[in-house]
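Contents: one structure, followed by commentary.
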Amino acid sequence: MDFTFWYLFPVGIIIAIFSMSAGISGANFWIPVYIFFIRIDPLISFWLALITMLFGFGSGVARNIYQGTIDWYIVKQYLVPSIPAAVIGSLLASYVNGNHLLLIFSSFIFIFGLYQLIACIVSRKEKLKHRRIYWEIGFVGGFLKGLIATGLGKLIMPGMWDHERIKSPSQVIGSTVVILFIIDFVAALMRMKPDFVNELIENRTTIFNVLVFVVPSVIIGGQIGPQTIRGAAASHLKIYVSIMLILVSILIFSRLLA
């Protein structure tokens with residue numbers, strides 16, 4: 001075993017805890033790690049982030065099932081538009097330059113993070129409960145997940161917070177984690193075109209040495225994360241997520257400018 005990437009084990013636990021506790025895609029943090037520290041090609045980094053999240057979210061799904069913090073009706077409703085959209089986005093990703101994907105990725109998380117942060121600070125009104133499932137938002141989010149490995153959780157969560165079936169923040173996160181796990185699988189699978197598979201084979205040694213440390217770390221973090229948000233205030237979670245997204249986007253922008 002090559003211990004060059006040993007540091008990914010503690011980093012992976014931290015990223016998985018953060019992702020599971022906030023209900024956002026771990027790709028927001030793994031893509032910068034793979035690009036800055038491992039120096040993997042952007043297209044491979046996006047795919048590797050999806051594979052990493054499969055293990056982390058898989059662990060998180062198991063923990064949320066145990067805790068009973070999943071609303072399966074909402075999960076099924078949002079999967080209807082997001083699965084076909086993820087297929088479209090994943091197929092399109094292979095035709096887009098890696099640096100352009102990074103620009104789209106960083107722009108999206110910066111705009112969303114800033115918007116949500118301002119909304120949390122300015123808005124003090126309590127929203128009314130509703131029964132609506134935002135299928136159009138699920139489609140856009142699924143497309144972005146397929147294209148840039150993120151976007152779905154961020155877009156569908158606001159509509160889920162005030163759904164009448166949701167009783168706590170942990171139920172929003174738990175339901176979102178299940179949706180992201182399934183869509184991550186679809187997105188990763190759809191990227192497996194012959195040319196791309198050849199690139200993965202060429203980089204198999206690096207990918208294997210990375211996953212040896214990453215997989216157990218995200219499984220551990222996936223068990224811890226869901227427990228950290230039980231009873232947490234929704235407004236605090238949103239501010240916490242927004243600030244981290246803005247910081248990550250700045251890191252990506254600095255890389256592109258360099």
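Quick note: the coordinates plus some simple rules give every number you see, no bench work behind them. As the structure is a prediction and not an experimental result, all values here were calculated from the model. FYI the Cβ positions are ideal-geometry reconstructions off the backbone, even for glycines, and counts take in every protein chain you see.
Computed quantities for the displayed model
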| quantity | calculated |
| --- | --- |
| Contact order relative to length of region 1-139, as percent, for alpha carbon pairs under 8 angstrom and 6 or more apart | 26 |
| Theoretical FRET efficiency, 1/(1+(r/R0)^6), r = Cβ-Cβ of Phe9 and Trp135, R0 45 Å, to 0.05 | 0.70 |
| Using alpha-carbon coordinates, inclination of helix 234-257 to the longest axis of the chain, degrees | 30 |
| Calculated from backbone phi, Karplus (6.51, -1.76, 1.60) coupling profile of region 52-68 in Hz, x at Gly/Pro | 4, 5, 4, 6, x, 6, x, 5, x, 4, 4, 5, 5, 5, 4, 7, x |
| Rg and Dmax of the chain, Cα atoms only, in Å | 17.2, 55 |
| Cα-projected label distance for Tyr115 with Asn99, points at 7 Å along beta-carbon direction, nm | 2.7 |
| Rg in Å to one decimal, and Dmax rounded to a whole Å, for region 52-155 via C-alpha atoms | 15.8, 44 |
| Region 85-150, dipole about Cα centre (Lys/Arg Cβ +1, Asp/Glu Cβ -1), debye to the nearest 20 | 420 |
| For the chain: relative contact order, % (alpha-carbon pairs under 8 angstrom, 6 or more apart) | 40 |
| Potential extension, Ile239-Leu128 segment - 0.36 nm per residue separation minus Cα distance | 37.9 nm |
| Net charge dipole size for the chain [Lys, Arg +1 and Asp, Glu -1 on Cβ; Debye, nearest 20] | 800 |
| Euclidean distance of C-alpha centroids, region 101-148 and region 7-55, integer Å | 20 |
| Under-18-angstrom lysine pairs by C-alpha in the chain, whenever the two are 8 or more apart or on separate chains | 11 |
| With Cα atoms, 0 to 90° folded angle of helix 152-161 axis to the chain main axis | 10 |
| For region 95-105, Karplus couplings with θ = phi - 60° (6.51, -1.76, 1.60), whole Hz, Gly/Pro x | 9, 10, 4, x, 5, 5, 5, 5, 5, 5, 4 |
| Per-peptide average of other Cβ atoms within 10 Å, ordering 85-92, 127-134, 99-106 highest first | 85-92, 99-106, 127-134 |
| Label-to-label distance, nm, for residues given as Trp72 and Asp2 (7 Å Cα→Cβ offset) | 4.4 |
